[in-house]
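Colleague: After the structure tokens below, expect a handful of questions from me.
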Amino acid sequence: MNSQPHSSHLSTLFEKIHQGDKQAFNEFYSCYALRLLNFAKQMLSDADTAEEIVSDLFVQIWTKRALIQEIQKPQLYLYKALKNGCLNEIRKNVYTSQTIDYDLEERTAAQAPSPLDVLIDKELHAILTEAVNSLPMQRKVIFTLIREDGLKQKEVAELLDISLRTVENQLYRAVKYLSNYIEVYWKKEQSIIN
């Protein structure tokens, strides 16, 4: 996964996009397309629809670039606009079931990992994916926005229209649950080995 872009860097990109800089727009797309798509997939069960909504958002940013200089918090704006697009789609399709596709950041190593390391990584990825998918929906979204997308707790509270205290509690419970989940799994594995 790409490294987390700084909000000041995003503000700079928005300023350049406002001026019609296509290279800045391409850089903006490279930095945010995947993480916005992952967020949209959390809210929608249809990956194609999620891609359409994300594409529409990028098109709107470019076509309405004359107005983006007024945006104070670009990162928060992106997630709010995407959330609204997803909610509009959900309203159109009330029966849509929500799923979360949680991707674990890949390990970056100086040397090629050994086959054992690869096996352990795959197993850990599978365990974490299973654990995250078993979280309640709101907790999954909060956990992913903070840990995966790098939003601040205050921004997540504003984005989801919930209190900061709720975000803190849900994040704490998610981390505690995931730690316990992994610990129980490893204890189970150790008892099988021994």
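The values are calculated or read from the model by the stated rules, or taken from the named source; none is laboratory data. Keep in mind the model is a prediction, meaning the values are calculated, not measured. FYI the Cβ positions are ideal-geometry reconstructions off the backbone, even for glycines, and counts take in every protein chain you see. For the accessible areas, the whole protein counts, side chains as well, though only heavy atoms, and no ligand, DNA or RNA atoms are used. Shrake-Rupley method; radii C 1.70, N 1.55, O 1.52, S 1.80 Å.
Colleague: Tell me which of these Asn2 doesn't satisfy, since it passes every other one: (1) at pLDDT below 85; (2) in a helix (DSSP H, G or I).
Modeller: Of everything listed in (1) at pLDDT below 85; (2) in a helix (DSSP H, G or I), Asn2 misses just condition (2).
Colleague: Could you check how many residues of segment 41-81 are charged (D, E, K, R) and surrounded by 14 or more Cβ atoms within 10 Å (Cβ to Cβ)?
Modeller: Final tally of qualifying residues: 7.
Colleague: On to the next question. Looking at (1) under 16 Å from Glu148 (Cβ atoms); (2) touching an Asp or Glu at 6+ places or on another chain (Cβ under 9 Å), which is the only condition Asp46 fails?
Modeller: (1)
Colleague: Take the residues of segment 171-185 that are more than 11 Å from Ile142 (Cβ to Cβ) and touching a residue at least 12 places away in the same chain (Cβ under 8 Å): which is most open to solvent (accessible area, probe 1.4 Å)?
Modeller: Tyr177
Colleague: Could you please give the count of residues in segment 146-170 that are open to solvent by 30 Å² or more (accessible area, probe 1.4 Å), over 19 Å from Asn84 (Cβ atoms) and not charged (D, E, K, R)?
Modeller: 6
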